[in-house]
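Colleague: Provided herewith is a single structure, encoded as C-alpha cells, for subsequent inquiry.
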Amino acid sequence: MKQFRSLTALAVTFLAVTHLSAADAPTEFTAGALKFTRPAAWTWVPSTSPMRKAELKVEARDKKSAAEVVFFHFGAGQGGGTTANVERWYGQFSDGRDKINARSEDKTVNGLKITYVHAEGTYLSGPPMGQKTPMKDYALVGAIIEDAGGNVFIKMTGPKELTKAAEADFQKMAEGAKK
C-alpha cells in the first residue's frame, strides 16, 4: 500500500509539474540581444540542444501535423554570414535548387536587417552531421536577423501547407523583435 501511495504521489507531482510548465510557457523570450513574442496559437517546446535558444511548435488544426520553429544565436561574429546560411538552408533539400522554389528577400524593420528565406520540396531532417530523414512536401521559412551582438537565425520547417499558413505569424514575430 505504501508503494502505491508513493507511485500515486509521484504521478500527481509529474502531472502538476507538466501542467505548470505548460501554463508558465513564456509568451516573450530572448535569443541573443533580441526579445520575441510567441504567437498565441504556437506552443513553447523545451529546448533539445544548448545550441537552440528557443523552440516553438505550430500544430495543424486537426493536430495531425506540426512544424517546428527553432531560434539560434551563436554570439558576435559566430554562426557564419547571411549568404552562407541561406545557401546551407537551401542545401537541406534533396531536390536541386532550381526545383525548391528557392528565394530570399531582405527587409529592414525597426532598424534591424532581416533576410527571409523560402524553400519547399524534400527536406532532409536531422542533425547537421547525423542521419537524415527525407520529408517530402516540406517547406522552410527562415529569417536571419542581423545584430552587432550576433545574428539570430530563425528556421521554421514542416509540411508545406502548414508552414505556408503560418508564414504571416512567423514574419510578424520576426519583425516584432526588440532590442
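Colleague: Taking the options A60, A31, name whichever one is in contact (Cβ under 8 Å) with a residue 40 or more places away in the chain, out of contact with any Lys or Arg (no Cβ under 6 Å at 6 or more places or on another chain), hydrophobic (A, V, I, L, M, F, W, C) and within 26 Å of L124 (Cα to Cα).
Modeller: Of the residues listed, the single one that is in contact (Cβ under 8 Å) with a residue 40 or more places away in the chain, out of contact with any Lys or Arg (no Cβ under 6 Å at 6 or more places or on another chain), hydrophobic (A, V, I, L, M, F, W, C) and within 26 Å of L124 (Cα to Cα) is A60.
Colleague: Just checking, does the stretch 97-112 include any residue being in contact with a strand residue (DSSP E or B) (Cβ under 7 Å, 6 or more places away or on another chain), assigned to a helix (DSSP H, G or I) and closer than 29 Å to A148 by Cα?
Modeller: No - not one qualifying residue is present in the stretch 97-112.
Colleague: Which residues, counting only those in the stretch 129-149, are closer than 30 Å to K178 by Cβ and loosely packed, with under 15 Cβ neighbours inside 10 Å?
Modeller: A148, G149, listed by residue number.
Colleague: So which residues in the stretch 64-78 are surrounded by fewer than 19 Cβ atoms within 10 Å (Cβ to Cβ) and either closer than 19 Å to R38 by Cα or touching a residue at least 40 places away in the same chain (Cβ under 8 Å) (or both)?
Modeller: If the condition is that a residue be surrounded by fewer than 19 Cβ atoms within 10 Å (Cβ to Cβ) and either closer than 19 Å to R38 by Cα or touching a residue at least 40 places away in the same chain (Cβ under 8 Å) (or both), then S65, A66, E68, F74, G75, A76, G77, Q78 are the ones that fit.
Colleague: Any chance you could count how many residues in the stretch 125-140 are in a strand (DSSP E or B) and either out of contact with any Lys or Arg (no Cβ under 8 Å at 6 or more places or on another chain) or polar (S, T, N, Q) (or both)?
Modeller: 5
Colleague: Is it true that some residue in the stretch 83-97 is surrounded by 14 or more Cβ atoms within 10 Å (Cβ to Cβ) and in contact with a helix residue (DSSP H, G or I) (Cβ under 6 Å, 6 or more places away or on another chain)?
Modeller: Yes, the conditions are met somewhere in the stretch 83-97.
Colleague: Output the residues belonging to the stretch 150-179 that are over 24 Å from G77 (Cα atoms) and modelled with pLDDT under 95.
Modeller: None - no residue of the stretch 150-179 is over 24 Å from G77 (Cα atoms) and modelled with pLDDT under 95, so the list stays empty.
Colleague: Tell me the residue from T157, T163, T115, T122 that is hydroxyl-bearing (S, T, Y), in contact with a Ser or Thr (Cβ under 9 Å, 6 or more places away or on another chain) and not in a strand (DSSP E or B), please.
Modeller: T163
Colleague: Any idea how many residues of the stretch 112-130 are at pLDDT 95 or above and farther than 20 Å from G96 by Cβ?
Modeller: Counting residues in the stretch 112-130 that are at pLDDT 95 or above and farther than 20 Å from G96 by Cβ gives 5.
Colleague: Say whether the condition of being without any contact (Cβ under 8 Å) to a residue 12 or more places away in the chain, surrounded by fewer than 19 Cβ atoms within 10 Å (Cβ to Cβ) and more than 15 Å from K155 (Cβ to Cβ) is met by at least one residue in the stretch 108-122.
Modeller: yes
Colleague: Of the residues K35, K63, K57, only one is charged (D, E, K, R) and modelled with pLDDT under 95; which?
Modeller: Answer to the selection: K63.
The values are calculated or read from the model by the stated rules, or taken from the named source; none is laboratory data. These figures come from a predicted structure and were not determined experimentally. Because the Cβ atoms are built from the backbone with ideal geometry, glycine has one as well, and the counts that use them run over all protein chains shown.
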